[in-house]
Amino acid sequence: MGRKLTAYRMEDLKRIERAAIQRAESAKTAQEIATIRADVLGKKGELGTVLRSLGSLSAEERPKVGQQINTSKSRIEAALEAAMVRVEKGRLEEELVAGRFDVTLPGRVVTMGSPHPLRIVERDVIATLLPLGFTVAQGPLVEHDWYNFGALNFPPDHPARDQQDTLFVSDEVLLRTHTSNVQVRTMCKQKPPVRVLAPGMVFRRDELDATHSPTFHQIEGLWVDGHTTFAHLKGVLRRFAENLFGPETRVRFRPSFFPFTEPSTEMDVSCVGCGGTGGGCRICKGTGWLEILGAGMVDPAVLEAVGYDPEQVQGFAFGMGIERIAILRWGVEDIRLFYENDVRFLRQFSGNP
Ligand code: DAH
């Protein structure tokens, strides 16, 4: 009797196995395969039912049937696994056929941008000065007369204030003509010591041509502290020139005038084209020198205007045109190229000299 029961169970198992494998082989979707798995191998599945009936077998027969359950189970698992691989492959092929991927299409080239040459110069100027303790500040482009002129010691009738030079928005509001407004704004809200760099856009009433633009860029530096002298100005600016143009660079300071500095100076660097020999050099027009920036000791009137005590603190400031430096560095012949956004021009600048 026990033997007979075992034979039934063994037959049941073989039948379950065959049927499951057949179903797996004809399954068309992952969903179908999951259903077969649940029907056969699941908790309440067909194999489970046989497993639960093992109790009715003799202790001697039980392991035999148990072993067959395990064998069938792994064969069914293998069939389901194979079915899964087949179905997945078919799905990919179908997608290809349906045209979702056309492997013969050319790839899409991702073009990389590069920094704008004016940004490169701005970044390099800032990078050479940050180690000396400067931080970077921004200020408004549309500015009150007082920050652009008044506090900077421009007399009311100064020619720069003329409608010819400055773009006025209203009587007392204008587009800033230099980044020096940031000096004033910084000193108004901060006590000395001050070491600040102000890069940005400035505006003048100029016609656009190869060498002029009504919009251009400057970067300004301001250093205010106790016991600051012209020697500090020269030391900082010489270091700056050597870092920006190379260690061989020589500098010279010529007397100049700005309303907001006294004394004022202009700094020249030895020509980047001829190394200062002049001769037939086109870049420096044979002089061996290039004018790079204006600078000077902050006028006591400016310190007073922002509420500093000129007996306690002194300072120096400097300002330069970013376009001018870029033109010299790369030999750009027309300033308009910087603003036209022609990628054939812009692509040539990688940020490395
Ligand atoms: N603001 C001047 C200009 O636009 C440049 C300049 C000169 C800035 C001397 C300064 C300075 O801070 O000290 O031409």
Restricting attention to segment 170-188, does a residue exist that is in contact with a Pro (Cβ under 7 Å, 6 or more places away or on another chain), acidic (Asp, Glu) and either more than 14 Å from the ligand (Cβ to nearest atom) or open to solvent by 60 Å² or more (accessible area, probe 1.4 Å) (or both)?
no
On the given criteria, is Val85 outside any loop (DSSP other than H, G, I, E, B) and open to solvent by less than 50 Å² (accessible area, probe 1.4 Å)?
no
Please enumerate the residues belonging to segment 224-248 that are in a strand (DSSP E or B) and open to solvent by less than 30 Å² (accessible area, probe 1.4 Å).
Val224
Hits in segment 256-309 - residues which are in a loop (DSSP other than H, G, I, E, B) and among the β-branched types (Val, Ile, Thr)
Val272, Thr277, Ile283, Thr287, Val306
Checked segment 328-348 for anything surrounded by 14 or more Cβ atoms within 10 Å (Cβ to Cβ) and among the aliphatic types (A, V, I, L, M); matches are Leu328, Val332, Ile335, Leu337, Leu346
Acidic (Asp, Glu) and open to solvent by less than 60 Å² (accessible area, probe 1.4 Å): does that describe Glu207?
no
Specify which of the listed residues (Gly273, Gly278) is assigned by TED's automatic domain parsing to the domain that holds Arg252, touching a Cys at 6+ places or on another chain (Cβ under 6 Å), modelled with pLDDT under 95 and within 21 Å of Pro247 (Cβ to Cβ).
Gly273
Across segment 283-305, what is the number of residues that are surrounded by fewer than 19 Cβ atoms within 10 Å (Cβ to Cβ), within 16 Å of Arg324 (Cβ to Cβ) and free of Cβ contacts under 8 Å to residues at least 24 places away in the same chain?
2
How many residues does segment 245-299 contain that are aliphatic (A, V, I, L, M) and within 9 Å of the ligand (Cβ to nearest atom)?
4
Could you list, ordered by first residue, the pairs with Cβ atoms under 6 Å in which the first is in segment 225-251 and more than 21 Å from Glu262 (Cβ to Cβ) and the second is part of a helix (DSSP H, G or I), at least 6 apart or interchain?
Phe240/Thr128; Asn243/Thr128; Leu244/Thr128; Thr249/Ala241; Thr249/Glu242
Scan segment 314-327 and tell me whether some residue there is within 16 Å of the ligand (Cβ to nearest atom), open to solvent by 20 Å² or more (accessible area, probe 1.4 Å) and more than 26 Å from Asp124 (Cβ to Cβ).
yes
Just give me the residues in segment 26-49 being β-branched (Val, Ile, Thr) and either in a helix (DSSP H, G or I) or over 30 Å from Glu94 (Cα atoms) (or both), in sequence order.
Ile33, Thr35, Ile36, Val40, Thr49
Only one of (1) within 11 Å of the ligand (Cβ to nearest atom); (2) open to solvent by 40 Å² or more (accessible area, probe 1.4 Å) fails for Asp162. Which number is that?
(1)
Restricting attention to segment 1-43, which residues are among the hydrophobic types (A, V, I, L, M, F, W, C) and either open to solvent by 100 Å² or more (accessible area, probe 1.4 Å) or touching a strand residue (DSSP E or B) at 6+ places or on another chain (Cβ under 7 Å) (or both)?
Met1
Checklist (1) farther than 30 Å from Asn341 by Cα; (2) in a helix (DSSP H, G or I); (3) open to solvent by less than 70 Å² (accessible area, probe 1.4 Å) applied to Arg52, failing item:
(3)
Suppose the filter is closer than 30 Å to Pro310 by Cβ, within 15 Å of the ligand (Cβ to nearest atom), open to solvent by 60 Å² or more (accessible area, probe 1.4 Å) and assigned by TED's automatic domain parsing to the domain that holds Leu337; does Arg195 pass it?
yes
Determine, yes or no, whether Phe316 is modelled with pLDDT of 95 or more and among the aromatic types (Phe, Trp, Tyr).
yes
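The values are calculated or read from the model by the stated rules, or taken from the named source; none is laboratory data. Values in this document were obtained by computation on a predicted structure and should not be read as measured data. When we count neighbours, we look across all protein chains shown, and the Cβ atoms used for this are built from the backbone with ideal geometry, even at glycine. To get the accessible areas, we keep the full protein, side chains included, count just its heavy atoms, and leave off ligands, DNA and RNA. Shrake-Rupley method; radii C 1.70, N 1.55, O 1.52, S 1.80 Å.
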